[in-house]
Every structure is written in C-alpha cells, then in structure tokens.
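The values are calculated or read from the model by the stated rules, or taken from the named source; none is laboratory data. Note that this is a predicted model, so its numbers are computed, not measured. As a convention, Cβ positions derive from the backbone with ideal geometry for all residues, glycine included, and neighbour counts pool all protein chains shown.
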Amino acid sequence: MSNLEQQLVDQVSTETSQQESTEGLSANFDTLLQPNDNTIVCGALDEEKVKALAEAGVQHIINLQPDDELDFDEAAAAERFGMTYSHLPISGADDLKQVNLLAFDRILREHHGKKIAMHCQSGNRVGAAVALRAGWLRGRKMETALERGRAHGLTTLEEEVHNRLLVPR
C-alpha cells in the first residue's frame, strides 16, 4: 500500500471513529443537537461531557453561559482534553445585542472548518445567537434565520428573536 493510500485509509478510519463517537454522545447529554457535521449544540457541561466531546473529535468549545451558571473551570477542562475554548456570556434576551452577535460571528469565523460544540444551559441561547447571526449578519430571510435557530436549539427565545429580526441592522 502506498503512503497516499495509507493516509486515505487512516483518514476514513478517523472520520468513522469520530462519527461513532458523536453518535454515542447522546447517552451523556440531556440536550444534544447536531445541525451539521461540524457542529454540536448541547446544554451545560461538566468534566465528563467535555471528555466525551473531545473523544467525538470536537476541536473547539463555545460557551455562552455567564459565570454565575458555571460549576467548574471549563476552559481548563477543554485544554486538558486538547481543545480550544471561547467564552461569550449571554445571560438572556438582554444580551442578544449586535455587539455580542459580532463577537459570536468572529469566534465562528476563526474556527471555521473545525468541529465545534456550542452550549449554554439548554441550547436556547445558542439557537437565538445562531438565528440572529443568520438574519442580522448574513442577511438571511426571517424564516430561514428562525429555522437555523431552531436547528441549533432555539425554543423559548423564539418570539424575542423574531421581534429583533424585524428591526434591520
């Protein structure tokens, strides 16, 4: 077998292993969505969940929980398991401001192409941020932006997001 053929076999093996790890994540999480191959949305993390994400091939964690919701040092746990980490506290509707969405967009662009996990307490704020990013920063139509948000966990903040999307940015 040539070197190139071995590299292809190794790549397929790694991708298969990571896909199986991703599929096995649901046992560890109350909330778990995978809107695309490179994105996982989940609820609050602990040490075991961070480890499971790393084993599933996640390279970067984006945490939208404010400090008062955190129970442990997530940044240190991510680093221990070989992942990078971003923290952008969004407490609720009041923090769904354009300045925070611009920071969220910057983080996503910096880690484009990597497998990422985004989380808050339940996934709702992640979904809200994704929907507002789609509408405000990517120019998507209202329904498209809301669909993206729902795919990423948007639930109880949907009416707030809808109202904010009515105002052009």
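Results, tabulated for the structure shown:
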| item | result |
| --- | --- |
| Among residues of the stretch 57-73, those that are surrounded by fewer than 23 Cβ atoms within 10 Å (Cβ to Cβ), assigned to a loop (DSSP other than H, G, I, E, B) and touching a residue at least 40 places away in the same chain (Cβ under 8 Å), counted | 3 |
| Filtered residue count, the stretch 94-127, keeping only those that are at pLDDT below 95 and hydrophobic (A, V, I, L, M, F, W, C) | 0 |
| Residue tally, condition free of Cβ contacts under 8 Å to residues at least 40 places away in the same chain and in a helix (DSSP H, G or I), over the stretch 131-169 | 20 |
| Pair list, Cβ < 7 Å and 6+ apart or interchain, from the stretch 87-104 residues that are closer than 17 Å to Met118 by Cα to residues that are loosely packed, with under 14 Cβ neighbours inside 10 Å and not polar (S, T, N, Q) | Pro89/Asp67 |
| Residue within the stretch 129-143 that is buried (at least 19 other Cβ atoms within 10 Å of the Cβ), under 22 Å from Glu74 (Cβ atoms) and hydrophobic (A, V, I, L, M, F, W, C) present | yes |
| Any hit, the stretch 132-140, residues being touching a Ser or Thr at 6+ places or on another chain (Cβ under 8 Å), over 24 Å from Asp68 (Cα atoms), modelled with pLDDT of 95 or more and aliphatic (A, V, I, L, M) | yes |
| Residues satisfying the stated conditions in the stretch 88-133, i.e. within 30 Å of Glu55 (Cβ to Cβ), in contact with a helix residue (DSSP H, G or I) (Cβ under 7 Å, 6 or more places away or on another chain) and among the small types (Gly, Ala, Ser) | Ala117, Gly127, Ala128, Ala129, Ala131 |
| Residues located in the stretch 30-56, provided they are in a strand (DSSP E or B) and either farther than 23 Å from Gly92 by Cβ or of a type in the set (Asp, Glu) (or both) | Gln34, Asn36 |
